[in-house]
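These notes are about the structure you will find just below.
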Amino acid sequence: MNKVDFKGSVVLNPVPVVLITSRNSEGKDNVFTIAWGGTVCTKPPMVSISIRPERLSYEYIKESMEFIINMPSQKIVKAVDYCGVRPGRKFDKIKEMGFTMKEGTHVNAAYIDECPVSIECKVKSITPLGTHDMFVAEVVGSHINEDLMDEKGKIHFEKGDLITYCHGEYYPMSKNAIGSFGFSVAKPKVKKEKADEKTIISKDSSSSDNKKSETKKTSVKTKSTKNKSNKVKSTMVKSKKKTSIKSKKKKHRI
Ligand SMILES: Cc1cc2nc3c(=O)[nH]c(=O)nc-3n(C[C@H](O)[C@H](O)[C@H](O)COP(=O)(O)O)c2cc1C
């Protein structure tokens, strides 16, 4: 295939598109959309988001050094776009979108309950790059819809109807994986175990789809490497009762 030497922009696509919530020192909350973000470290768990200094959110996050990443589902794709084209200085986007805001556990900001996954972050550094400043932050906890988690503590993001962003367009995330980590070198026995696991999970999800109950959140606290034990403890919140779940899943490293 002949290649075009394209220099117009960064062509790394698709990317996640997420809603960032933050709070200023007067207690005012704001939300905006970003696509220039991602995971930058496994341990300690770190993410980066890049923000133009003229954004209201830039001001809020620089002040508090905290923010929450909210991963939206396809149901609210219009709100995702709206929050990315309307400035918080002129619009109360949280009110207009009718988002249900819940208090963060580890940071002074609120997360959007309509998003199946929310990630609480504390800023560690800010690096000016050009148009954008890159905020590198440590993940200090996450809120995950209970119906995305299985009994082994694995998160089924594919059940979250998530969105990706690709060169100006929003796309639905597919529910069907075309491979899994290490499958290219996996032994036949492991492949069979994986396939069996998948059959069980898809049976489970079709039966739980029929009983559409109110979605509950699982709160996952991420421990920093400063602690002696680096185990990630997951705490399932069921009404007022807390049930501890530990991931039995084999750890993958990237
Ligand atoms: C799909 C999409 C992705 C965006 N990604 C970013 C981004 O990565 N960084 C950024 O600073 N602005 C980004 N924006 C623009 C801001 O979301 C937008 O300017 C917003 O109105 C800023 O809100 P605020 O002033 O209330 O903080 C994006 C907008 C859209 C629609």
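Every read-out reported here was derived from the displayed coordinates using simple, explicitly stated rules and does not represent laboratory data. Being a predicted model, the structure only gives us computed values, none of them experimental. Because the Cβ atoms are built from the backbone with ideal geometry, glycine has one as well, and the counts that use them run over all protein chains shown.
What residues have an amide H closer than 5 Å to that of ASP150, excluding those fewer than 5 places away on the same chain, when H is modeled at 1.01 Å from N in the peptide plane?
Long-range HN contacts for ASP150: HIS156.
Residue by residue through the stretch 87-92, what is 3J(HN,Hα) from phi via Karplus (6.51 cos²θ - 1.76 cosθ + 1.60, θ = phi - 60°)? Round to whole Hz and write x for glycine and proline.
Karplus-based 3J(HN,Hα) across the stretch 87-92 equals x, x, 5, 10, 10, 8 Hz.
Mind checking the dipole of the stretch 15-172: about its Cα centre, +1 per Lys or Arg Cβ, -1 per Asp or Glu Cβ, Debye to the nearest 20?
Numbers: 19 positive and 22 negative charges, 77 e Å.
That gives the stretch 15-172 a dipole magnitude of about 360 debye.
Per 0.36 nm of contour for each residue apart, how much would the distance between ALA177 and THR42 grow if the chain were fully extended, relative to their Cα-Cα spacing?
Here the answer is 46.4 nm.
Net charge near TRP36: determine it from the other residues with C-beta under 13 Å of the C-beta of TRP36, scoring Lys and Arg +1 and Asp and Glu -1.
Details: positive: ARG52, ARG55; negative: ASP133.
Its environment carries a net charge of +1.
How far is the Cα center of the stretch 36-72 from the Cα center of the stretch 113-130, in Å?
Taking the Cα centre of each part, the stretch 36-72 and the stretch 113-130 sit 3 Å apart.
Going by amide H atoms built from the backbone, whose H comes under 5 Å of the H on ARG52, apart from near neighbours?
ASP133
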